[in-house]
1. For segment 69-138, calculate the relative contact order in percent as a whole number, restricting contacts to Cα pairs under 8 Å that are 6 or more residues apart.
2. If you line up the long axis of helix 12-30 against the longest principal axis of the chain, both from Cα atoms, how many degrees apart are they, to the nearest 10?
3. Indicate the gyration tensor shape class of segment 1-57 (rounded, prolate or oblate), computed on the Cα atoms with a ≥ b ≥ c the square roots of the eigenvalues: a/c under 1.5 is rounded; otherwise a/b larger than b/c is prolate and the rest oblate.
4. Order these peptides, 132-142, 35-45, by their mean beta-carbon neighbour count within 10 angstrom, highest first.
5. In cubic angstrom, how much convex hull volume per residue do the alpha carbon atoms of the chain span?
6. What are the ³J(HN,Hα) couplings of segment 31-38, residue after residue, when phi is run through the Karplus curve with 6.51, -1.76, 1.60 and θ = phi - 60°? Round to Hz, x for glycine and proline.
7. Going by average Cβ density within 10 Å per residue, which order do the peptides 172-178, 102-108, 12-18 take, highest to lowest?
8. Assuming a ≥ b ≥ c are the square roots of the Cα gyration tensor eigenvalues, decide whether segment 82-141 counts as rounded (a/c under 1.5), prolate (otherwise, with a/b larger than b/c) or oblate.
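FYI, it's all coordinate maths here, none of it is from the lab. The structure displayed is predicted, hence computed values, not measured ones. Virtual Cβ from ideal backbone geometry, glycine too; neighbours counted across all protein chains shown.
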Amino acid sequence: MKTIGLIGGMSWESSAQYYAIINRAVRERLGGAHSAETLLYSVDFGEIERLQHDGDWPSLTARMVDAAGRLEAGGADFVLICSNTMHLMADDVAAAIGVPLLHVVDPTASAITKAGLKRVGLLGTAFTMEKAFYRDRLDAAGLETVIPDAADRREVHRVIYEELVAGKIEAASRAAYREVIARLVERGAEAIVLGCTEIMLLVDQTDSAVPLFDTTSLHALAAVDLALG
């Protein structure tokens, strides 16, 4: 079994989901009392969130490169960044380490393509929805991306940072997300990418008329495939 390196804490609410999904999947595949060989480097999200909203991406890149290097030095055979937004610096992180970086978009795009779908709605932080890094990778996989309008993007972003990263699950926010999803479907989205690792805490398939692709689960299960492969 390969050792999985996780850069977590962004937020720890979703990192806990990564840990649980990975270990359940290893137990299911290997049986008995098996669990995953895992290293976790968990950052202080208070500092990360401040730097994100200050737009200090060079400092954030340095933090991610440092975290990945620590995992590699600790014996990780490959590394995951347990955050969609922080894949903004994925190329820099991958170039700085000598082990593979498992990109969150790749297993997500593969699952969407395998389902025969083409046009997807993207939910995530404002950074993920508005910056090109995420949509460009989906586009490279042959997928067309639709993002919410400005008002919906503000609400999706607000719920993530004011509620989900703090473990708050509000019925009103679930209803708001359902409406955002419905509007994306009206604009032709054949599926919805939950492009923030916390969104799976708030909505599930019952909240959408089209398939939901949860990046947290897809990324974590891809890590298990690589670890056991």
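1. So the answer I get is 33 percent.
2. Roughly 60 degrees, rounded to the nearest 10.
3. In terms of gyration-tensor shape, prolate.
4. Numbers: 132-142: 15.6, 35-45: 17.5.
In decreasing order of mean packing, 132-142, 35-45 become 35-45, 132-142.
5. 120 Å³
6. Those phi angles translate into x, x, 9, 5, 8, 7, 7, 9 Hz.
7. On the way: 172-178: 15.4, 102-108: 22.3, 12-18: 19.6.
Output ranking for 172-178, 102-108, 12-18: 102-108, 12-18, 172-178.
8. Taking the square roots of the gyration eigenvalues as a ≥ b ≥ c, segment 82-141 is oblate.
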